[in-house]
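Student: Handing you a structure now.
The values are calculated or read from the model by the stated rules, or taken from the named source; none is laboratory data. In this text, all values refer to a predicted model and were calculated from it rather than measured experimentally. Quick reminder, even Gly has a Cβ in these numbers, built from the backbone with ideal geometry, and neighbours come from all protein chains shown.
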Amino acid sequence: MDLFSLVVFISSLIYFCILAWIRLGLNRLTAPGTDQTPFISVIVAARNEEAYISKLLTALLLQNYPRDRFEVIIIDDQSSDATASLVRSHKDERIHLIQTTDHDKVTSPKKHALHLGIENAKGEFIFLTDADCLPGKEWLHGMIRLFDQQIGMVIGFSPSELPKLVTMSDYLLALESLSLAAIAAGTTGWGFAATCNGRNLAYRKCVYKQVGGFSRIAQFISGDDDLFLKLVQQTEWKIRYAFDERLIVPTQRSSGFMHFVHQRLRHASKGFYYDQNKVIALIFVYFYNLAILSTLPLALITGHSPLVPLVAIGLKFIADFILLFGFASRMRRKKILWSFLPAELLHLPYVVLFGALGPFLNFKWKESK
């Protein structure tokens, strides 16, 4: 066995152990219930969302939660379509519309819009989702029950599966969101939440105030979720994962290839700005995928046995599947796993490509660049 193959094999064992550790974290997730009905403010930043905003508002107004104990604040971020008028057409005292006036003067329009909504919120708890999402009727009730006196934030699952999964690319995108959620859930089980998603997120308003809102991450165009999570982790508050299929908030899939590319570049662009442990983990995952991607061709070129590279690849596939199966089973998303094998084959070049380009290339988000 040559040195490079030995390093890849050892790295695969480390990777296997890490994912097994994350999988065990799923078993540590708890969901003690509390019988509280505090006032909740649901905040949604919307820009040119006329295709989805009415469906979202309908879903929110049908929540199984006392109607006098929550409000919905839509921040229209200078939409050029009918978003604002559609919000106004819902004649319900729980819906409030706020419109921004300085979209082009801030680095992060979405964080600016969310800040306006939170500042005007009457609720003790802030619930966040996006205009193209559809939360189930138990979302508010189920999420708020996860807040005990020590919990400052609750993370939820938001799969990319609307309007429905049809093509192979649909299932691949759904599997990607499933894998990120599985990592978030498993690491939260160990008390070290790796990431979160602003499409299904809740936290105390006092936590937002305590960390200074988004002021410390204002220079990033995104990051209202995962970078904000980093700030919360620096406090004494604990974080819980909503490991319950009733609390899933599905969202629309990426619309078009270039939208997908820019979205992934945006996600990868923040990699160097997480805490030290997460940066080290991301670097390891990147170079591990690069090594796995190159080890089999190198073995064939140099005439070495392909056995070690194949075993290393097999270990990665097994580790990934064990984690995904555990999460998908609990969230009733096992049908997505039929795309696992092609997804694994595409995942290696995917991670290497976007991991290398994300921190250095410009990307577009809405009309911002």
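Student: Taking into account only those residues within the range 276-304 that are touching a residue at least 24 places away in the same chain (Cβ under 8 Å), among the polar types (S, T, N, Q) and out of contact with any Asp or Glu (no Cβ under 9 Å at 6 or more places or on another chain), which is surrounded by the most Cβ atoms within 10 Å (Cβ to Cβ)?
Tutor: T295
Student: Only one of L165, L201 is under 15 Å from Y241 (Cα atoms) and not basic (K, R). Can you tell me which? Show your work before the answer.
Tutor: Details: L165 fails: under 15 Å from Y241 (Cα atoms).
Sole residue among the options that is under 15 Å from Y241 (Cα atoms) and not basic (K, R): L201.
Student: Looking at I221, I239, I313, which one is surrounded by 17 or more Cβ atoms within 10 Å (Cβ to Cβ), β-branched (V, I, T) and modelled with pLDDT of 95 or more? Lay out the reasoning, then the answer.
Tutor: Working: I221 fails: modelled with pLDDT of 95 or more; I313 fails: modelled with pLDDT of 95 or more.
Testing whether each residue is surrounded by 17 or more Cβ atoms within 10 Å (Cβ to Cβ), β-branched (V, I, T) and modelled with pLDDT of 95 or more leaves just I239.
Student: Looking only at residues in the range 183-207 that are aromatic (F, W, Y) and touching a Leu at 6+ places or on another chain (Cβ under 9 Å), which one is surrounded by the fewest Cβ atoms within 10 Å (Cβ to Cβ)?
Tutor: Going residue by residue through the range 183-207, those that are aromatic (F, W, Y) are 190, 192, 203.
Subset that is touching a Leu at 6+ places or on another chain (Cβ under 9 Å): 190, 203.
Working: W190: 15, Y203: 25.
Per the stated criteria, the residue is W190.
Student: So, restricting to strands (runs of 3 or more DSSP E) that lie completely within the range 35-108, which ones have at least 1 residues that are hydroxyl-bearing (S, T, Y), within 20 Å of L134 (Cβ to Cβ) and under 27 Å from the mean Cα position of the chain (by Cα)?
Tutor: 40-46
Student: A further question follows. Give the residue, chosen from P135, P163, that is more than 14 Å from the chain's Cα centre (by Cα), modelled with pLDDT under 95 and of a type outside the set (V, I, T).
Tutor: After applying the criteria, what remains is P163.
Student: Right, here's the next one. Check the range 78-90 and report whether any residue there is in the same structural domain as G123 (by TED's automatic domain parsing), out of contact with any Lys or Arg (no Cβ under 6 Å at 6 or more places or on another chain) and within 22 Å of E124 (Cα to Cα). Steps first, answer last, please.
Tutor: Looking only at the range 78-90, we keep the residues that are in the same structural domain as G123 (by TED's automatic domain parsing), and these are 78-90.
Okay, now just the ones that are also out of contact with any Lys or Arg (no Cβ under 6 Å at 6 or more places or on another chain), so 78, 80-90.
So of that shortlist, the ones also within 22 Å of E124 (Cα to Cα) come out as none.
Within the range 78-90, none of the residues are in the same structural domain as G123 (by TED's automatic domain parsing), out of contact with any Lys or Arg (no Cβ under 6 Å at 6 or more places or on another chain) and within 22 Å of E124 (Cα to Cα).
Student: For the list (1) assigned to a helix (DSSP H, G or I); (2) modelled with pLDDT under 85, I need the number of the one condition that F363 fails.
Tutor: Only one criterion is unmet by F363, namely (1).
Student: Out of (1) part of a helix (DSSP H, G or I); (2) touching a Lys or Arg at 6+ places or on another chain (Cβ under 7 Å); (3) within 22 Å of F228 (Cα to Cα); (4) not charged (D, E, K, R), the odd one out for V154 is which?
Tutor: The one condition V154 does not meet is (1).
Student: Here's a follow-up. Taking the range 315-333, which residues are under 13 Å from P159 (Cα atoms), part of a helix (DSSP H, G or I) and not aromatic (F, W, Y)? Outline the logic, then answer.
Tutor: Kept after step one, since they are under 13 Å from P159 (Cα atoms), are these residues of the range 315-333: 327-328, 331-333.
Pick out the ones that are also part of a helix (DSSP H, G or I) and you get 327-328.
Of everything in the range 315-333, just one residue is under 13 Å from P159 (Cα atoms), part of a helix (DSSP H, G or I) and not aromatic (F, W, Y), namely A328.
Student: Tally the residues that are assigned to a helix (DSSP H, G or I), surrounded by fewer than 19 Cβ atoms within 10 Å (Cβ to Cβ) and in contact with a strand residue (DSSP E or B) (Cβ under 9 Å, 6 or more places away or on another chain), restricting the search to the range 117-134. Give the steps one after another, and end with the answer.
Tutor: Of all residues in the range 117-134, those assigned to a helix (DSSP H, G or I) come to 117-119.
Subset that is surrounded by fewer than 19 Cβ atoms within 10 Å (Cβ to Cβ): 119.
Keeping just the survivors that are in contact with a strand residue (DSSP E or B) (Cβ under 9 Å, 6 or more places away or on another chain) gives none.
Qualifying residue count, the range 117-134: 0.
Student: A further question follows. Name the residues in the range 166-204 that are of a type in the set (D, E, K, R) and either assigned to a strand (DSSP E or B) or at pLDDT 95 or above (or both), would you?
Tutor: Result: R199, R204.
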